[in-house]
Amino acid sequence: MNTQWQAFNDTKQLETIIEASHQQPQIIFKHSTRCPVSTMAYRVVESVTDELSQSAVIHYLDVIIDRSVSLFVAAELDVIHQSPQAIILSEGKVIWDASHGAITDRDLKNQAIPLNQ
């Protein structure tokens with residue numbers, strides 16, 4: 001896990017993340033350490049971490065170790081459970097989510113950075 005990302009491994013953290021999204025965008029990145037597509041998405045998110053972390057907080061969720069948390073997030077945020085998956089929250093709501101090859105550096109920056117400018 002990138003050192004600039006915050007570990008997300010407990011269902012209780014979701015409420016805190018949602019609340020924090022009222023102050024600045026929150027990104028949940030769900031990653032499978034067993035999937036090559038997820039590794040590619042990991043690299044995409046990592047490539048824009050410096051830019052994103054100026055405007056948003058990135059939370060890392062390992063879906064292999066914490067599958068129940070990942071399923072909880074999907075249910076609570078009303079998104080389809082996928083991996084890899086990036087979810088952006090602002091003002092307490094999901095404003096964007098993408099999975100697999102749809103997780104792009106451009107989209108992450110376009111969705112998260114303008115929110116806090």
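We did not get these values from a lab; they are worked out from the coordinates using the rules stated. Quick caveat, the model's predicted, so the values are computed rather than measured. Virtual Cβ from ideal backbone geometry, glycine too; neighbours counted across all protein chains shown.
Counting only residues that are free of Cβ contacts under 8 Å to residues at least 60 places away in the same chain, farther than 15 Å from residue 46 by Cα and surrounded by fewer than 13 Cβ atoms within 10 Å (Cβ to Cβ), the range 66-108 holds 4 of them. Pairing each residue of the range 6-31 that is closer than 15 Å to residue 75 by Cβ with any residue that is of a type in the set (Gly, Ala, Ser) and assigned to a helix (DSSP H, G or I), provided the two are 6+ apart or on different chains, yields C-beta distances under 8 Å for 11/68; 30/70.
If the condition is being surrounded by 16 or more Cβ atoms within 10 Å (Cβ to Cβ) and among the charged types (D, E, K, R), then the range 1-51 contributes 30, 46. As a summary of the residue check, residue 63 satisfies the conditions (1) in contact with a Ser or Thr (Cβ under 8 Å, 6 or more places away or on another chain); (2) surrounded by fewer than 20 Cβ atoms within 10 Å (Cβ to Cβ); (3) among the β-branched types (Val, Ile, Thr) except for the one numbered (2).
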